[in-house]
1. Given the options B:146, B:125, B:168, identify the residue whose Cα lies farthest towards the positive end of the charge dipole of the stretch B:123-188 (+1 on Cβ of Lys, Arg; -1 on Cβ of Asp, Glu).
2. With Cβ to Cβ distances under 12 Å as the rule, what net charge do the other residues near residue B:145 carry (K, R +1; D, E -1)?
Amino acid sequence: MKSRNHELVDRLAAEYALGTLRGRARRRFERWLVSPQVGALVKAWEERLEGLEPPLQPVAPPATVWRGIEDRLELRKARSPSRWMAMTAIAATVVLTALFAFFALRGPSGDVAPPPQLAATQLGLLAADPQTIYWRVEVLGENQEISLHVHQVHELPAGKSHELWALRDDGTPVSLGLMPHTGDHHRVLTASQREALARSKQIAVTLEPEGGSPTAGPTGPVLLVAPLSAV
Amino acid sequence: MDRTDALPPEIELAQLLQRCAAQDSAAFRALYDKTSPILFARLLRMLRRRSVAEEALQDVYVRIWQRAAQFEAHRGRPLAWMVTIARYCAIDLMRRERLTLVPDEQIADVPDESAAEPGEFDKPGNFDFCIGQLNENTRKCLTLAFVEGRSHDEIARLTTSPLGSVKSWIRRGLLALKQCLAVERQPT
């Protein structure tokens, strides 16, 4: 029985690596990948099939791709802040006024995030109960951006991350990135995230391995779910 | 094109990945500059539409950044590791976008293979022998699945074969390949 089971898992690992394991079956199998034994079977298949890789002529992607990656990973803050500095220099007074208005409206908060340019259209409060709100999530404009505000710090075990998901009406969760633990954050969404959010009435937070789910879908327990309501 | 330009040295890529694991965004940019044309070509081969492949490329590098710590440097092969991430991202995107089969004559974006040199990737010494042992149908099914990301259904349509046959060719082909590769036989 045990060896039959091993054979079945190995067959699934093979079709996973080949790419013919699809849809629900693929997602179910991805949950097993946390097991080192299953991971090793998949890895062995990936190496076996590598010989099928076609020779390809490299194609340079457009510059917009890198900018999108920077936005999604919020790498721009780590880079030279020339764009924000230039804007600030040109319109220092305006920006300062906006920042004052921003903090006056929101009350004291830790981080200084660039104020969002778009109006909030939807709001989701990720809370355990009405008194215990952990994050406030605002959807800005027509799902172009989200703004995240930490109300109360949610407990986080070492080596884990909190990940935010748009719960599409068809039941597929789509990641909106990791959750911050201090201050205000502002994130530009990708086309697929925008599209997912447009078809979602709820958002959720799950507990994932550090750095986020290793798969396309959530792998850990759902901690909080909140409806999105129009502002 | 010079091969050294076309294929970045693996050791350098492995070092860049290790720096990415330490959240070094300059290393990430260097890694992107060196590898994105290869991964973009691979994604175009599977997704066949430029806009979709561009979106997939973002997903791929977000995953690479998040998972850089999982790359096992001692096992080497950073490019193979990244290409696998790209293939899986493409498959996930196909599901999400419910991409339908695009007839080949409508595709303008698929990168040209004829100009590229083979052998960019390591393969087991006896791989060519073992793949050659499979029958024509099986080889075609495996290639369509792996290279183009085609599903069982699509392969059945493309090869005008019954779905059941396609599934069993693939299942038996994979098993035969595994058994053959396990034997330390060198090509003659």
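Any read-out appearing in this document is the output of simple, stated calculations on the displayed coordinates, not a laboratory observation. Since the structure is predicted, the reported quantities are computational estimates derived from the model, not experimental observations. Counting neighbours? That spans all protein chains shown, and the Cβs are built from the backbone with ideal geometry, glycine included.
1. Value computed over the given set: B:168.
2. +3
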